[in-house]
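What follows is one structure encoded as structure tokens, with my remarks underneath.
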Amino acid sequence: MTVTQEAAPVSHYDRIGGANAVKAAVELFYDKVLADPDLADYFATVDMVGQRRHLALMLAVVLGGPNEFDGRGLAEAHQPLGITVEQYALVGGHLSAALTELGVPADILADVQAVLAQVQDQVVAAGTRPGA
């Protein structure tokens, strides 16, 4: 009798191609964001090499990849920026578009969008939220 081990579920990170796929998604995402006149000003003085690395590490965690993220928390990093719900939606749209263009499966895209919805209140400035 042979005992078989049940294979561990494959992470979204592995399904899309790991680090190289995450890097491609981040590059395409920031190309879109920096071309958007409603968002580009937020990044005018930002070290984009560091910013891209930072997002790649965060996206890897969201997708079930290695957790090497060592940055500030979402609220600490974003609340002082005065980001509105509309701007947050634009950013989420650019991320979704980048992932779609790269062929990320619909179930993974849906999970990323769910995470975006969960963390919105940490990113959007309190004074810009409807009813706030």
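The values are calculated or read from the model by the stated rules, or taken from the named source; none is laboratory data. As the structure is a computational prediction, the values presented were derived from the model and not from experiment. Cβ coordinates were reconstructed from backbone atoms using ideal geometry, including for glycine residues, and neighbour counts include every protein chain displayed.
Side notes on the structure shown:
- Qualifying residue in region 71-85 (condition: within 24 Å of Gly17 (Cβ to Cβ), touching a helix residue (DSSP H, G or I) at 6+ places or on another chain (Cβ under 9 Å) and modelled with pLDDT under 90): yes
- Inter-residue pairs, beta-carbon under 6 Å, first at positive phi and in region 9-31, second surrounded by fewer than 20 Cβ atoms within 10 Å (Cβ to Cβ), 6+ apart: none
- On the stretch given as region 43-66, residues that are among the basic types (Lys, Arg) and closer than 18 Å to Arg15 by Cβ total 0.
- Residues that are part of a helix (DSSP H, G or I) and hydroxyl-bearing (Ser, Thr, Tyr) were ranked within region 70-97; the one that is surrounded by the fewest Cβ atoms within 10 Å (Cβ to Cβ) is Ser96.
- Among the residues making up region 103-114, a single one is surrounded by 15 or more Cβ atoms within 10 Å (Cβ to Cβ) and outside any helix (DSSP H, G or I): Val104.
- Taken as a whole, the condition of being of a type in the set (S, T, N, Q) and at pLDDT 95 or above does not apply to Thr45.
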